[in-house]
Amino acid sequence: MIKKLTISFITLISISILISFIAFLVLRTGNIPTRAGTVDKSIPLGVLDAPVTVKRDRYGVPYIYAQSLADAIRAQGFVTAQDRLTQMLLTREAVNGRLAEWVGPPGEGNDISVRVLGIRQLAHRFATGLKSPSREMHEWYLEGVNAYIGTQEHEFPLAMRISGTSPAPYTLEDICAHYLLQAYDLTENWRSEWLAQRLVDQLGREKAAQISLVSVNPDDGSRWASDYALAPREPLLSMREPPQIEAAPVGGSNSWATSGRRSLRGAPILANDPHLDARRLPGIWYPLGLITPEWRAVGVAAAGWPGLAVGRSDSIAWGVTNSAADTADLFIERDDPEKDGHYLEGELSLPYEVVSETVRVRDPGSLDGIRERTFDVRRSRRGPVVSDTLIEDGHGRSLSLRWSVAENVGGQVGVDRLMLAKNVTEAGEAIRDIVSALNYNVADTGGNIAHFTSGYIPVRLRGDGAIPLPVTGGEDNWTGFVPFEKAPSSMNPQRGWVGNANHRTVSGRFDGIWSSYSAPSWRYRRILELLDNERVFSAEDHWSAITDTRNTLARDLVPLFLPALEAAPETREAAEMLGNWDYRDDAGKAAPALFQLMIRALVTRIFSDELDMLVHSYQGSPYFWQERVHSMLNSGKSDWFDDINTPHTEGMDDLIRSAALDAWRQLEMTLGGNPRDWRWGEISRLRISSPVPTGNRLLNRFLGGGDFPRTGSPETLWGSYGSPSYGAWGIDSLRFVADLGDPDKVLAVIPGGVSGRLFDPHLNDQLPLWLSGEINYWWFSDEAINANARKKVTLSP
């Protein structure tokens, strides 16, 4: 009897496994679009003027062969929708402030920001004013996207087919809203202004200025820091505990180009690794090639944008980083005490413009499955009052946000035309029209290399953009914008390379205010070490640089730490671990974990006695404190080292030992008592999420995601931003190296894949390469594309 039951149980398990396997195969095959045709069959695409051929390599990267640029862009729209329709639709909901209707409470913050900023209204203005040639480029793309939406319902993503929903056509306003929200996400400095104001509230102007953000340009050694001159001189009396908000986001993008004399093949080489939050599969970027009889290019586009954002054509190669230029200011409005709903400019009382907004949030606990949140958005002449919704001011002030992008959306996009440039000069003219504040490095086949800076950076009448400015009168504090010709740029410098890493790029001779929120200089210092010589490089050398993990901040500070650590028995083990370190933040090493936790513990130790709870926001904003603390430690003395709450005087060595013990205890609690088992990659892991949000790790892995050891840090070129406590979030969303002397290929990889469809092999097939740092190729020449093509389909008019 027992034997029969055992056999029956095994049979039942076997049948269940078989059914599950068959179901998986059905799901997998049923959710993959048509990527290959037959001799007598093609995919109809009526918007085309002539047939288009799409060839795909082993990773599903499409190479689009068209007879005209118009058809190439139409086909780009079609195949992007084919691979990434769900992602595009979610993005559309996000940029229009409707994400929470799909994903619930996690999307609520996004929707509130979009409504407060007026992204939809700005997108309407942007789309209405778009002129040729940008308008035609976007119309071609929309024709391709909407042709897919309108004719290919039979191969929509499986969940969409099961639900029976049919998406509305994509619009020009949707694309423009996407551009605008991306530009806002790169506008980081205003959150730093808010932190600065809270420091002044807590400490008073003079003392807050002692710990203000310092930015450095290593090329000329110039430094900039605000003295908060226009802030109140005395601290305000707090009505309650200073509110805590999310720390200002930080980025880690790197880009450079070497001239032909510095390259093995004799032509310029460009490298780029833009860091963004690309943790959700399939990634932010969509890789593809575009080929016409007159022109070709390969690179990446955002899913929903025409053209290429980063890439290589037969004439140029280009890459991008956030310039961290200051394009937004907070203002402290003067509410009129005698007229409700009004504010004062001098003696003039003006009414706030008020718009009521309602965010709908998916909520199974609500009666209709939807919870509504209605709020008013007040606007002054400067912009929306963000202290009503986006930040919370403990003193009841009305803080408005003025953003230069909102005032300069115009007739061209710029990035759509960049790929068509024939040389760096033409590239500069396209970059001139880009409203976001970005660094562009460009190289051309004529041997030229150049750096340009896009965006509209205000020329300020008062203040330096580092702290909210009180509104006193009716004069416009922005008297204009820095001319494109005066923004940081360089062409064919004598040293044979250009590069940037979100650091301060203006020289000490710059007349005006450029940025109050540049990245610390550690990554750029590493680029200097690698490139500022007479070495000749291969494309593979550039790839090695992109994946370099040497931490120059640690190399500076650890020698300062060691004498203090070696002087006390309880910290000698920490001294040994750090002293034997090669300063590489590799996932399998213990020392990076100790250093990262120790430097944060040190910041807390230095400042917590006077910042109180505000120290968490300060420590969580490394852009704000890294250069400042580095200078303090190198000087060896600071009044800030002494804890005002103790009767004795503490010095730097005391703080170093205490911070090391704090970090050591945290590692013991997290990773166990044996230091030999500690790994940097375990203390702060990287979670790659499936396209379907889930909090279950096993389900996330089944759907394509996973948890992985973290490599690199905010201070390394192979970087990953985040914190040791909460994991990595800002990762290299693309690694890209283009050697203009190589006719066949570029070196490139993304942390995901081409497709956004569940169970599609191309959802995450590039992720293992990205995790390992291994070189991958995307193809450029006809010979290389044909040799590596795995599938081919014709799109027929």
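Based on DSSP H segments of at least four residues, each scored -39500 (n - 2.57), the chain has a per-residue ellipticity at 222 nm of -10500 deg cm²/dmol.
The residue among Y583, T547, F780 whose Cα reaches farthest toward the positive pole of the charge dipole of the chain, with charges on the beta-carbon of Lys, Arg, Asp and Glu, is F780. Measuring between their Cα centroids, region 87-101 and region 602-677 lie 41 Å from each other. Relative contact order of region 716-797, taken over Cα pairs closer than 8 Å and 6 or more residues apart, is 22 percent. The Kirkwood radius of the chain, taken over pairs of alpha-carbon atoms, gives through the Stokes-Einstein law at 4 °C and 1.567 mPa s a diffusion coefficient of 46 µm² s⁻¹. Value of Rg to Rh for region 641-797, rounded to two decimals, is 1.16; Kirkwood radius and Rg both from alpha-carbon coordinates. Amide hydrogen proximity for N254: with H placed 1.01 Å from N in the peptide plane, the residues at 5 or more positions away or on another chain lying under 5 Å are D273, H275. On full extension, the segment bounded by E540 and E783 gains 85.3 nm, given 0.36 nm per residue less the C-alpha separation. In region 153-225, the ratio of gyration radius to Kirkwood radius, Rg to Rh, stands at 1.36 when only Cα atoms are counted. Of the residues I269, H395, G414, the one whose Cα sits farthest toward the positive end of the charge dipole of the chain, with +1 on the Cβ of Lys and Arg and -1 on the Cβ of Asp and Glu, is I269. Quick one: in region 722-797, what % of C-alpha pairs are over 17 Å apart? For region 722-797, the fraction of Cα-Cα distances above 17 Å is 61 percent. Surface listing: D363, D653, D732, D49 arranged by accessible area from highest to lowest gives D49, D653, D363, D732, probe 1.4 Å. When R535, R205, R676 are compared by accessible area at a 1.4 angstrom probe, the order from most to least is R676, R535, R205. Determine the distance separating the Cα centre of region 307-325 from the Cα centre of region 473-496; give it in Å without decimals. Each part's Cα centre sits 20 Å from the other's.
Per the Debye calculation on region 69-134 with a single equal scatterer at every Cα and no solvent contribution, log₁₀ I(q)/I(0) for q = 0.27 Å⁻¹ amounts to -1.03. For region 343-408, the relative contact order comes to 23 percent (Cα pairs under 8 Å, sequence separation of at least 6).
Within the chain, what is the longest stretch that has no GluC sites (Glu not before Pro) placed in a DSSP loop and near at most 10 other beta-carbon atoms within 10 Å? That would be 1-293. Residue order by solvent-accessible surface for T374, T171 is T374, T171, largest first, with ligands and nucleic acids left out and a 1.4 Å probe.
Cα centroids of region 432-453 and region 345-400: 38 Å apart. The average projected area of region 359-440, computed from the convex hull of its Cα atoms over all directions, is 9.8 nm². Evaluate E = 1/(1 + (r/R0)^6) for L350 and V459, where r is the Cβ-Cβ distance and R0 equals 22 Å; express this FRET efficiency to the nearest 0.05. Using R0 = 22 Å, I get an efficiency of 0.35.
For a label point 7 angstrom out from the Cα of M669 toward its Cβ, which stretches of region 715-746 have the backbone nitrogen within less than 18 Å? Output list for this probe position: 723-727.
Computed with every protein chain present, the accessible area of K791 is close to 90 Å² [probe 1.4 Å]. Working from Cα pairs under 8 Å separated by at least six residues, relative contact order for the chain is 20 percent.
For region 27-119, the alpha-carbon radius of gyration amounts to 1.43 times the rule-of-thumb value 2.2 N^0.38 Å expected for a compact globular protein.
Accessible area of L186 (1.4 Å probe, protein heavy atoms only, ligands and nucleic acids ignored): about 40 Å².
Residues whose amide H falls under 5 Å from that of H503, counting only those 5 or more places apart or on a different chain, are A519, with hydrogens built in the peptide plane.
Couplings 3J(HN,Hα) for region 738-747, derived from phi with the Karplus relation 6.51 cos²θ - 1.76 cosθ + 1.60 (θ = phi - 60°), are 10, 9, 5, x, 9, x, 10, 7, 10, 9 Hz, where x marks Gly and Pro. Among complete DSSP H helices in the chain, those whose alpha-carbon atoms stretch at least 27 Å along the helix's long axis and whose mean Kyte-Doolittle hydropathy reaches 1.6 are 2-30.
In this structure, the amide hydrogen of G722, modeled 1.01 Å from its nitrogen in the peptide plane, lies closer than 5 angstrom to those of W729, G730, counting only residues at least 5 positions away or on a different chain.
Using only side-chain charges placed at the Cβ, +1 for Lys and Arg and -1 for Asp and Glu, the dipole size of region 562-707 relative to its Cα centre rounds to 860 debye.
Per-residue SASA remark: R371, around 80 Å² accessible (1.4 Å probe; ligands, DNA and RNA not included).
The values are calculated or read from the model by the stated rules, or taken from the named source; none is laboratory data. Note that this is a predicted model, so its numbers are computed, not measured. Backbone-built Cβ (ideal geometry, glycine too); neighbour counts: all protein chains shown. Just the protein is used for accessible areas: all its heavy atoms, side chains included, with ligands, DNA and RNA removed. Shrake-Rupley method; radii C 1.70, N 1.55, O 1.52, S 1.80 Å.
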